[in-house]
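Asks: Take a look at this one; I'll ask things after.
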Amino acid sequence: MATQSETESSQQFVQMTDEEAAYQEELQKLEKRGKRLRRAALTAGILSAISIVCTIYTTIAVRWVLIEWQQPEKTSYEIAENIVAYKFGVVGDIAVVFCDTLVGVLLGLILVGAGVNPATSVILVSFKLIQQAINGANILFGIAAGLLLDENLPIGEVVQKYFY
């Protein structure tokens with residue numbers, strides 16, 4: 001027969017293993033959350049790199065080459081002559097907006113996952129989405145300019161007669 005001290009000792013051991021099991025479960029949850037946060041951070045980093053490369057391309061290879069700030073007529077001529085490069089620039093701008101939107105959402109999720117106040121995360125994501133909405137409006141004007149200057153479109157003559 002077990003004595004009272006042995007019974008208390010075995011109960012304490014069982015209780016301790018329950019605490020250890022709960023501790024192990026908590027560690028596993030934290031490990032899974034850490035893996036998700038690292039994956040989200042890696043994805044945000046890759047999307048940021050894509051965004052940076054597209055921004056550099058559209059700024060240097062398209063805008064610096066095609067836009068003459070003091071001579072709008074020359075700018076329209078350059079864009080009309082190099083419409084393919086201009087269209088690639090617009091596609092690059094669309095990629096930047098897409099990547100930056102995803103980066104903003106991922107950063108919000110990372111902040112919430114890291115324990116930052118959710119209101120702070122919502123504010124960050126809201127500002128990022130507003131920024132991308134403004135960039136989207138800029139892209140629409142870029143598309144409109146491309147439509148006006150593209151002479152190869154079937155309706156190009158009609159558009160140019162209407163606006164010129």
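The values are calculated or read from the model by the stated rules, or taken from the named source; none is laboratory data. Model, not experiment: these values are computed from the prediction. Quick reminder, even Gly has a Cβ in these numbers, built from the backbone with ideal geometry, and neighbours come from all protein chains shown. In case anyone asks, the SASA skips ligands and DNA or RNA and just uses the protein heavy atoms, side chains included. Shrake-Rupley method; radii C 1.70, N 1.55, O 1.52, S 1.80 Å.
Asks: Dipole of the chain (Lys/Arg Cβ +1, Asp/Glu Cβ -1, origin at the Cα centre): which of LEU102, ILE60, ILE83 lies farthest to the positive side?
Replies: ILE83
Asks: I'd like to know which of VAL116, LEU42, ALA22 lies farthest towards the positive end of the charge dipole of the chain, counting +1 on Cβ of Lys and Arg and -1 on Cβ of Asp and Glu.
Replies: It is LEU42.
Asks: Give me the percent relative contact order of the chain, please, defined on Cα pairs under 8 angstrom at least 6 residues apart.
Replies: Working: 110 pairs, mean separation 36.4, N = 164.
Reported relative contact order: 22 percent.
Asks: How much area per residue is accessible in segment 11-104 when the probe is 1.4 Å and only protein heavy atoms are counted (Å²)?
Replies: Details: 6760 Å² over 94 residues.
Ligands and nucleic acids excluded, the result is 72 Å² per residue.
Asks: Now for a different question. Of the accessible area of segment 30-157, with the probe set at 1.4 angstrom, what percent is carbon plus sulfur?
Replies: 71 percent
Asks: Between LYS32 and ARG63, what FRET efficiency comes out of the Förster formula 1/(1 + (r/R0)^6) with R0 = 35 Å and r the beta carbon distance, rounded to 0.05? Working shown, then result.
Replies: Details: r = 45 Å, r/R0 = 1.27.
Computed FRET efficiency for ARG63 and LYS32 comes out at 0.20.
Asks: Once ligands and nucleic acids are excluded and a 1.4 Å probe is used, how much of PHE98 is accessible, expressed in Å² to the nearest 10?
Replies: 130 Å²
Asks: Using 0.36 nm per residue, how much length does the chain from LEU140 to VAL158 gain when fully extended, once their Cα-Cα distance is taken away? Display every interim value, and only then the final one.
Replies: Working: separation 18, 0.36 × 18 = 6.48 nm, distance 2.00 nm.
Separation in residues times 0.36 nm, less the Cα-Cα distance, equals 4.5 nm.
Asks: Using unit Cβ charges (K, R positive; D, E negative) and no other charged atoms, how large, in debye to the nearest 20, is the dipole of the chain about its Cα centre?
Replies: 340 debye
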